[in-house]
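Taken together, the values in this text are just the output of simple stated rules run on the coordinates, not laboratory data. Because the structure is a prediction, the values reported are computed rather than measured. So basically every Cβ, Gly included, is an ideal-geometry build from the backbone, and we count neighbours across all protein chains shown.
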Amino acid sequence: MKNKYILTALMLTLLFASISFAMGTAPGPKIKTGDKALDKALMEIDKLGAKPAGKKEIEGVLMGKFSVTKKEINLLRKRGYSLTEVYYLSLLAKQSGKKVNGVAALHAKGGGWGVLAKRLKVHPGDLNRLRVRLHKIRKEAVKEQKREQKQKRFKIHAPKEPKGGKGKKK
């Protein structure tokens, strides 16, 4: 009888520990594109979006590079899309030439992310190339901003000539 209580307590402890562990680990984005590099990039975006500063950065990229408005982002978020999924929808929209809300409507009709990409006639490798190109553009813009800031800080001033007064005349 005593062994039953010990065994039950042990089982409950293990069950509680496994549930606690499972709740503490983030599952990551639900998107599987078929392109390993793109999947890895989406995982990084998902990690970045977990922080408030990262969330703002991703929203800035969506508004700047993909021309998605803050209102559209909020609407998609209310529909249950994560920020990573909004980013992927934006990639699909840009590559296919459609609006992000239209792509989201197609996704809502059913099917997974792969089915959606096939409906839009977009290959995951094309999406990854687009993502890489946009990332390079962003990196170059950041470098240019830093270069401009550095030039402003270290602006070289010509030496001032003395204004009359005491001094040797030639």
Residue-span extension gain [residue 70 to residue 108] - 0.36 nm each, minus C-alpha spacing: 11.6 nm
Mean shadow area (nm²) of the C-alpha convex hull around segment 41-98 is 3.7
Tell me, what HN-Hα J-couplings in whole Hz come from the Karplus equation 6.51 cos²θ - 1.76 cosθ + 1.60 at θ = phi - 60° for each residue of segment 80-90, using x for Gly and Pro? x, 7, 6, 5, 5, 5, 5, 4, 5, 4, 5
Would you mind computing, in nm to one decimal, how far apart the modelled labels at residue 37 and residue 137 are, each placed 7 Å from Cα along Cα→Cβ? 1.8
Arrange the following residues from fewest to most other Cβ atoms within 10 Å of their Cβ: 67, 90, 96. 67, 96, 90
